[in-house]
1. Quick one: residue 71 ticks every box in (1) modelled with pLDDT of 90 or more; (2) under 11 Å from residue 30 (Cβ atoms) bar one, so which box is it?
2. Give me the strands (runs of 3 or more DSSP E) completely within the range 76-169, filtered to those with at least 1 residues that are under 25 Å from residue 43 (Cα atoms) and without any contact (Cβ under 8 Å) to a residue 60 or more places away in the chain, ordered by residue number.
3. Considering only the range 91-99, I want to know if a residue exists there that is at pLDDT 95 or above and among the hydrophobic types (A, V, I, L, M, F, W, C).
4. Given the criterion under 21 Å from residue 132 (Cα atoms), in a loop (DSSP other than H, G, I, E, B), touching a Lys or Arg at 6+ places or on another chain (Cβ under 8 Å) and modelled with pLDDT of 70 or more, identify the matching residue among 34, 28.
5. Within the range 5-23, identify whether any single residue is modelled with pLDDT of 80 or more and not in a helix (DSSP H, G or I), and answer yes or no.
Amino acid sequence: MRFPNTVFVGAASLPLLMGCNSTPVVLPPVGPEPAGHAAKSLKGYLQVFSATEKSPPVASDDTTFFNLHSGYDIHDESGRTVRFVPNHASNMDEWPDQVALPAGTYSIVAESACCGQVSVPVVIQAGQTTVVHLDRNWFPPANVPAGRLIHLPDGEAVGWSGATAASSE
């Protein structure tokens, strides 16, 4: 008699679980570090420390294990997918890819370590690198004024505010 109750509870829970993952968390824009060094270039750069893949780490011949950053999509201002970034060069590369993009505003859809899928607007400035931290491994300086950092709903800092970067373009 317990089996039908288990099936009923499981079936009733399924829509709730699906609702958690269907809509990504949307954040304010992330931009380059305010005091970042600008190189002479027409392009800017993006680096996303997405959550590491949930599958078991990849083992090499010497049984060293690697946690690979998950891939993500880059969308232009109209919402069109510009590029998918695998976010690692090989199965032993734990450093996320650095992507060159024309200056402008984009959004990325990536996995965060705490909130699942998130949508993050990013401001790309010529000669500068915008870095997004979604893997819970970034510790910004303690003396940053309020409003200069973007946070996930759980309070985790993910990057520098892009509001001032976007207004200076």
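The values are calculated or read from the model by the stated rules, or taken from the named source; none is laboratory data. Quantities reported herein were computed from a predicted structural model and do not represent experimental measurements. Here Cβ is always computed from backbone atoms with ideal geometry, including for glycine, and neighbour counts include all displayed protein chains.
1. Among (1) modelled with pLDDT of 90 or more; (2) under 11 Å from residue 30 (Cβ atoms), the lone unmet condition for residue 71 is (2).
2. Numbers: elements: 81-85, 98-102, 104-112, 116-124, 129-133, 149-151, 157-161.
Fully inside the range 76-169 and qualifying: 81-85, 98-102, 104-112, 149-151.
3. yes
4. Numbers: 28 fails: touching a Lys or Arg at 6+ places or on another chain (Cβ under 8 Å).
Step by step, each of 34, 28 is checked, and only 34 is under 21 Å from residue 132 (Cα atoms), in a loop (DSSP other than H, G, I, E, B), touching a Lys or Arg at 6+ places or on another chain (Cβ under 8 Å) and modelled with pLDDT of 70 or more.
5. Here is the first cut: in the range 5-23, the residues modelled with pLDDT of 80 or more are 23.
This time we only want the ones that are not in a helix (DSSP H, G or I), so: 23.
Among the residues of the range 5-23, at least one is modelled with pLDDT of 80 or more and not in a helix (DSSP H, G or I), which makes the answer yes.
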